[in-house]
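The values are calculated or read from the model by the stated rules, or taken from the named source; none is laboratory data. Predicted model only: the values in this text are computed from it and were never measured. Neighbour counts run over all protein chains shown; Cβ positions are idealised from the backbone, glycine included.
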Amino acid sequence: MDWAPLVLSLQVAVLATVLSLVFGTAIAMLLVWKRLPAPDLIDALASAPLVLPPTVLGYYLLTAIGTHSALGRAWESLTGHTFVFNFAGAVIAAAVGSLPLVIRAARLGLESVDPTLVAAAKTLGAGRRRVFLTIVLPLAAPGVIAGGMMGFARALGDYGITQMVAGSKIDGVPTASIYVMDAITAGRDDDARAMAIVTTIVGIAMLWAANRLTRRLHHARG
Amino acid sequence: MAELVAQIKLARPGFVLDVELACPPGITCIMGPSGSGKSTVLAVLAGLAVPDAGRVALGDEVWFDRGARIDIAIQQRRLAYVFQSLALFPHMSALANVGYGMARDLTREARDAAARVLLERVGVGHLADRRPRTFSGGEAQRVALARALARSPRLVLLDEPFSALDRELRAQLTALVRELAQELAVPIVHVTHSIAEAHLLADQVIRMDKGKIAERGTAAEVLARIATLDDE
């Protein structure tokens, strides 16, 4: 069996998770701390990837970052590559699918931080950055990590949005989920079964490890 | 020694707060029924709530003046605030909790050493490396007091910190606060429901009702007239 699709999927999923963690946590913070206008609308928009068909999401992404879009043109002039049909496009596609899961979990984590602790830290002289780094983030960490974990699982298994934005192969290599589909349609049942089993084992192992980490962090929270 | 002087006007749906306070160094107990605005007064003094109008000054230093558009950040007021819930950081040891408010230019070793001294001072040196979830109610109060002292505060705000304790522990901690008040010689504003606690602690008692000051005076003057407030 060819391992390249699994390696590609892991690379895409890890980067997509990082991306969705950064943006998802930031959006969750703005929603929790009521720094955004029309927060319910923004929450609904950010959660839309949960309910929209992958093809619809893919269509929106192609419109937003395609070669004719301002973002797509800016990226191309900066890097010489397009978003679509490239690794970057696959990462963005997987990140968009993961984003609502990260936002929801991070939001729960942030909402679990007692506001009195934040007030106490301020009365003890801590500025905004120190309060965030020493109080909010450590106490919200289990929620944020749980979000990252779900986001990773979602990104690893993405098929539809990736297919729409990055195509069926990136530099000649399909992602693991596309590889399984290709193998089935080509009648290579053994390859499809092997990739399915390995992907399942890797995904479950990552979730198991993240679960343990989350439990440890819960314990460390006191 | 600086006196705390405050005029506070604040209107919220269903609640209006309109008070004038003068708290000299020593202990001022604020009493009154729930919802009378006691904790809101502390929040305004700390800078955690912004009044619609008024002025808060400690000695010559103006912390808040609506008219002059002065609002000194909480972090710069150098006050100590012991919350009703104590608000000890659950993910930090007692030592780290106490050291949290100390000057950032101190080395870790110097902060830890100073925090140990404070924990010893309030009788819980043995808790230094333990987390708050392992503390008893009285131990947690003592750690919270040590943390409050760590900033060498110019004003101490105590929001019913002993309300969840039994009579014996409350008596021990009341005595400790009395000792600390003498050492610090700064205004201490202590919100309490307990007449016994106010009797033991207060140099001045302020009784609030429905967002206004109903009565003020020495403990002997005011407490004798407070028959309707719950004690214990």
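Okay, here's what the table says:
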item: Condition met for A:ALA183 (assigned to a helix (DSSP H, G or I) and modelled with pLDDT of 90 or more); result: yes
item: Enumeration of residues in region B:61-90 that are surrounded by fewer than 20 Cβ atoms within 10 Å (Cβ to Cβ) and within 12 Å of another protein chain (Cβ to nearest Cβ); result: B:ALA73, B:GLN75, B:GLN76, B:ARG78, B:GLN84, B:SER85, B:PRO90
item: Filter result for A:LEU36 (surrounded by 20 or more Cβ atoms within 10 Å (Cβ to Cβ), of a type outside the set (Val, Ile, Thr) and either part of a loop (DSSP other than H, G, I, E, B) or in contact (Cβ under 8 Å) with a residue 40 or more places away in the chain (or both)); result: no
item: B:ALA113 buried (at least 16 other Cβ atoms within 10 Å of the Cβ) and either free of Cβ contacts under 8 Å to residues at least 60 places away in the same chain or within 14 Å of chain A (Cβ to nearest Cβ) (or both); result: no
item: Residue count for region A:153-169, restricted to those that are more than 30 Å from A:ARG212 (Cβ to Cβ) and either in contact (Cβ under 8 Å) with a residue 24 or more places away in the chain or of a type in the set (Lys, Arg) (or both); result: 7
item: Hey, A:GLY160 surrounded by fewer than 22 Cβ atoms within 10 Å (Cβ to Cβ) and either farther than 30 Å from B:ALA49 by Cβ or of a type outside the set (Lys, Arg) (or both) or not; result: yes
item: Test: residue in region A:67-78 that is touching a residue at least 12 places away in the same chain (Cβ under 8 Å), within 16 Å of A:GLY157 (Cα to Cα), small (Gly, Ala, Ser) and touching a Phe, Trp or Tyr at 6+ places or on another chain (Cβ under 7 Å); result: no
item: Verdict on A:PRO53 being at pLDDT below 90 and touching a helix residue (DSSP H, G or I) at 6+ places or on another chain (Cβ under 9 Å); result: no
item: Residue within region A:45-67 that is of a type in the set (S, T, N, Q) and in a loop (DSSP other than H, G, I, E, B) present; result: yes
item: Count - residues of region A:137-152 that are more than 7 Å from chain B (Cβ to nearest Cβ) and either touching a residue at least 40 places away in the same chain (Cβ under 8 Å) or assigned to a loop (DSSP other than H, G, I, E, B) (or both); result: 11
item: Qualifying positions in region A:111-127 - small (Gly, Ala, Ser) and surrounded by fewer than 22 Cβ atoms within 10 Å (Cβ to Cβ); result: A:SER112, A:ALA119, A:GLY125, A:ALA126, A:GLY127
item: Set A:ALA74, A:ALA95: member being modelled with pLDDT of 90 or more and in contact with a Ser or Thr (Cβ under 8 Å, 6 or more places away or on another chain); result: A:ALA95
item: Number of positions in region A:103-136 that are in contact with a Gly (Cβ under 7 Å, 6 or more places away or on another chain), within 14 Å of chain B (Cβ to nearest Cβ) and more than 19 Å from B:MET102 (Cα to Cα); result: 2
item: Residue ID - nearest to A:SER177 (Cα to Cα), chosen from residues in region A:199-212 that are crowded, with 16+ Cβ neighbours inside 10 Å and hydrophobic (A, V, I, L, M, F, W, C); result: A:VAL202
item: Restricting region A:153-180 to residues that are assigned to a loop (DSSP other than H, G, I, E, B) and of a type outside the set (Gly, Ala, Ser), the residue that is farthest from A:TYR60 (Cα to Cα); result: A:ASP171
item: Leading residue by the ranking (surrounded by the fewest Cβ atoms within 10 Å (Cβ to Cβ)) among those in region B:131-155 that are more than 11 Å from every other protein chain (Cβ to nearest Cβ) and among the aliphatic types (A, V, I, L, M); result: B:LEU149
item: Among (1) of a type in the set (A, V, I, L, M, F, W, C); (2) surrounded by 13 or more Cβ atoms within 10 Å (Cβ to Cβ); (3) out of contact with any Pro (no Cβ under 7 Å at 6 or more places or on another chain); (4) more than 16 Å from A:ALA155 (Cα to Cα), the one test that A:ALA196 misses; result: (4)
item: Answer residue from region B:50-60, given it is surrounded by 17 or more Cβ atoms within 10 Å (Cβ to Cβ) and farther than 9 Å from B:ILE8 by Cα and is nearest to the other protein chains (Cβ to nearest Cβ) among those; result: B:LEU58
item: Output for region B:62-95, where each listed residue is part of a loop (DSSP other than H, G, I, E, B) and of a type in the set (Lys, Arg); result: B:ARG66, B:ARG69, B:ARG78
item: Residue, surrounded by the most Cβ atoms within 10 Å (Cβ to Cβ), within region B:156-166, restricted to residues that are touching a strand residue (DSSP E or B) at 6+ places or on another chain (Cβ under 9 Å) and acidic (Asp, Glu); result: B:ASP159
